[in-house]
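Note sheet for the following structure.
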Amino acid sequence: MKYYLPVALTTLRLLLGPCALGCALLGANGWWYLPILLAGTLSDIFDGILARRWGVATPGLRRYDSTADVIYHLFIVAAAWIACRPVIERTWPWIAAILASEALVIAVGFARFGRYPAAHSWLAKLFGLCLLGGLIALLVFHAGDWSVITLAIIGLLSNAETIGIHLLAQEPPVDVKSIFAVRRAGK
């Protein structure tokens, strides 16, 4: 049971993404996104807390968590494209930059260690919380371009750190607090 609850929370996030897309396709009121976004973020927070507390946090589970994050957020981007098209069209270069940086993180993880990245730094966690606030601003309150641009800047910084962690690490990094905590080669 202790292993399956964190897995269930991660899987919940995979299911919430299509729910958000369904809301967008149906033209649902923005308030429908609030419980989806809150549950997605809370499941992301508590799957890791419970897995670590119960001693079941394996590298495979952390990678599943990272994969679920990417898939969930791709569905959220698709929902935002439908529900907030004018903002998304104006800020597409920022969105393209963050998506390209996410792809680069994955490519570096595979190139360096043959595995999906799961560094989970503090900056990445901050980005996750900023995603919640920014996405609520955009999808629920119909905020303007600033919400996407701010998220992109924080995301680019977070992804740059994750790439740096992977380039400096001697072994596949999992749950590294920051680039400054990486054990460097020869030390």
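The values are calculated or read from the model by the stated rules, or taken from the named source; none is laboratory data. Computed from a predicted model, the values in this text were never measured in an experiment. As a convention, Cβ positions derive from the backbone with ideal geometry for all residues, glycine included, and neighbour counts pool all protein chains shown.
Looking only at the stretch 19-29, filter to residues that are exposed (fewer than 15 other Cβ atoms within 10 Å of the Cβ) and not aliphatic (A, V, I, L, M); which one of those is nearest to Leu135 (Cα to Cα)?
By that ranking, first place goes to Asn29.
What tally of residues in the stretch 30-55 results from selecting those that are surrounded by fewer than 14 Cβ atoms within 10 Å (Cβ to Cβ) and either among the aromatic types (Phe, Trp, Tyr) or at pLDDT 95 or above (or both)?
Total satisfying the criteria: 4.
Looking at the stretch 119-157 only, could you name the residues that are within 17 Å of Asp65 (Cα to Cα) and free of Cβ contacts under 8 Å to residues at least 40 places away in the same chain?
Passing the criteria: Ala124, Lys125, Leu126, Phe127.
Looking at the stretch 1-14, which of the residues that are surrounded by fewer than 15 Cβ atoms within 10 Å (Cβ to Cβ) and free of Cβ contacts under 8 Å to residues at least 40 places away in the same chain is nearest to Val70 (Cα to Cα)?
Ala8
All but one of (1) more than 17 Å from the chain's Cα centre (by Cα); (2) assigned to a helix (DSSP H, G or I); (3) aliphatic (A, V, I, L, M) hold for Ala143; state the number of the condition that does not hold.
(2)
Looking only at residues that are among the aromatic types (Phe, Trp, Tyr) and surrounded by fewer than 19 Cβ atoms within 10 Å (Cβ to Cβ) in the stretch 85-115, which one is nearest to Ala169 (Cα to Cα)?
If we take residues in the stretch 85-115 being among the aromatic types (Phe, Trp, Tyr) and surrounded by fewer than 19 Cβ atoms within 10 Å (Cβ to Cβ), then Phe113 is nearest to Ala169 (Cα to Cα).
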